[in-house]
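Notes follow the structure.
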Amino acid sequence: MGRTSDAKERLIEAVIELIWTGSYGSTSVDQICERAGVKKGSFYHFFESKTELALTGIDHGWSEQKKKLDQIFSPTTPPLQRLIHCFRQCREEQEALKAKHGHVLGCPVHSLGAEISTIDDRLRDKLQQILGDHRRAKCQYFGTSSVCLQ
């Protein structure tokens, strides 16, 4: 029985971090492989291109963020506490990122969207989908449709 590889997950994590801390355009497949500790052949075994990996990374990042938001905005938590937890988590995450990278990184979806919106239709469309999902989630969390109509 062969060993189980986590190379795909490491590639996904590497692309998320490299794009977030730098940019999509300045991130190369070689840098992604180096950060993930995998050979270039493994990259192309799992992903057809940097775009395919970025799309997977965007989905992964949103999935992880959605889990956090669902937990923070649990209906079992009083509304004011939900907001306090949300702001507290955001502050703590940004403080940790600043300590690690020397500066605040901002929103990865908006940063990437601003960079590639006129360059890569597939990435732009994926980011628009994520932003729509986020808007719909806010409607669910706050029990309103007014946010969804904006």
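Brief remarks on what is shown
- All positions within region 46-70 that are surrounded by fewer than 13 Cβ atoms within 10 Å (Cβ to Cβ) and not charged (D, E, K, R): Ser49, Ser63
- Verdict on Ile32 being among the aliphatic types (A, V, I, L, M) and touching a Lys or Arg at 6+ places or on another chain (Cβ under 6 Å): no
So that you can scan it fast, the table gives a plain yes or no per residue for (1) more than 23 Å from Leu53 (Cβ to Cβ); (2) of a type outside the set (D, E, K, R):
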site: Asp70; (1), (2): yes, no
site: Gln81; (1), (2): yes, yes
site: Ile84; (1), (2): yes, yes
site: Glu92; (1), (2): yes, no
site: Glu95; (1), (2): yes, no
site: Gly106; (1), (2): no, yes
site: Arg124; (1), (2): no, no
site: Arg136; (1), (2): yes, no
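- Members of region 65-114 found to be among the polar types (S, T, N, Q) and within 16 Å of Thr21 (Cβ to Cβ), listed by number: Gln94, Ser111
- Of all the residues in region 85-134, those that are among the hydroxyl-bearing types (Ser, Thr, Tyr) and without any contact (Cβ under 8 Å) to a residue 40 or more places away in the chain number 2.
- Checking the stated criteria, Ile72 turns out to be β-branched (Val, Ile, Thr) and without any contact (Cβ under 8 Å) to a residue 60 or more places away in the chain.
- Test: Ala96 is in a helix (DSSP H, G or I) and loosely packed, with under 11 Cβ neighbours inside 10 Å: yes
- Set Ala14, Ala54, Ala7: member being more than 19 Å from Leu112 (Cβ to Cβ), of a type in the set (A, V, I, L, M) and at pLDDT 90 or above: Ala7
The values are calculated or read from the model by the stated rules, or taken from the named source; none is laboratory data. Since this is a predicted model, take the numbers as computed values, not measurements. Quick reminder, even Gly has a Cβ in these numbers, built from the backbone with ideal geometry, and neighbours come from all protein chains shown.
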